[in-house]
Amino acid sequence: MTDVKMADYYERRAPHYDAVYARPERQADIRTLQRLIPAALTGRDVLEVAAGTGYWTQFVSATANTVVATDYNPAPLAIAAAREYPRANVRFGRADAFALDQVAGDFTAAFAGFWWSHLRRSDTDRFLRGVCARMRPGSAVVIVDNRYVDGSSQPVTRTDQAGNTFQRRELPDGTTTEILKNFPTATELRTAVDGHGSAPDIVELEYYWLLTFTV
Ligand SMILES: C[S@@+](CC[C@H](N)C(=O)[O-])C[C@H]1O[C@@H](n2cnc3c(N)ncnc32)[C@H](O)[C@@H]1O
């Protein structure tokens, strides 16, 4: 289900968003992801879901054949569109991650960065169904997100009956918003892929996990 409150939070956070990639303790992991993500998408026609400001798009562009970078919100997409890319192979479009049938293109890969954690546990199946419906057989699906790290991650402030966890997020204008942020285990990720794809592979870094599977 589209989470309008969360989408609005990211619309307002867009000008500040990239600061998340400057956190000193995470630099080694980020360098590793900058290598692993483009390597997994080499030569592919990539549908990028919830692309945000295009931070990962710039690395994907270097190795992919083409990239269609989509996001629900205009503000992060405008930042993404203004960015410089290594190659002229990126196109941008607004799209709800739950309505990927609306995106024009023919895809051999999907990539979603830091989006899975914002899915309700009950929505992951529907999300993956929508993604896989857009993939040619043999496509690669690549998903990266945060692990919960005490002292570095924002604390979880609430857990609902379904096991979804939430954080209180503050923006520079002083407003606070409760945001859904789930931290699945590797076993939960493997189970989620069941019925959608094969050969799930999960790399667990200190701060991040990276899931790849074949459609
Ligand atoms: C945590 S950010 C990740 C941005 C980018 N992928 C990255 O890794 O830097 C989550 C993104 O999801 C977008 N978003 C929120 N709701 C969405 C929806 N229903 N469909 C697609 N994108 C959505 C937000 O605008 C935001 O850019």
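With contacts taken as Cα pairs under 8 Å and at least 6 residues apart, the chain reaches a relative contact order of 18 percent. For trypsin sites (Lys or Arg not before Pro), the sites in the stretch 97-191 that DSSP calls loop and that have at most 16 other Cβ atoms within 10 Å are R120. As a calculated quantity, the FRET efficiency between A19 and V203 at R0 = 25 Å, using C-beta atoms, amounts to about 0.50.
This model, with +1 at the C-beta of Lys and Arg and -1 at the C-beta of Asp and Glu, gives the stretch 72-215 a dipole about its Cα centre of some 320 debye. Pull out a ≥ b ≥ c, the square roots of the eigenvalues of the alpha-carbon gyration tensor of the stretch 101-146, then state rounded if a/c is under 1.5, prolate if not and a/b is larger than b/c, and oblate in the remaining case. Since a/c reaches 1.5 and a/b is larger than b/c, the shape of the stretch 101-146 is classed as prolate. Secondary-structure-derived ellipticity at 222 nm for the chain, considering helices only, amounts to -8000 deg cm²/dmol, per-run term -39500 (n - 2.57) for DSSP H runs with n ≥ 4. As a proxy for reagent exposure, ranking T42, T66 by other Cβ atoms within 10 Å from fewest up yields T42, T66. The spacing between the stretch 68-143 and the stretch 29-49, judged by their C-alpha centroids, is 13 Å.
Readers should treat all values here as calculations from the given coordinates under stated rules, not as data from a laboratory. A quick note: this is a predicted structure, and the numbers were derived from the prediction, not measured. Ideal geometry is used to build each Cβ from the backbone, glycine not excepted, and the neighbour counts take in all protein chains shown.
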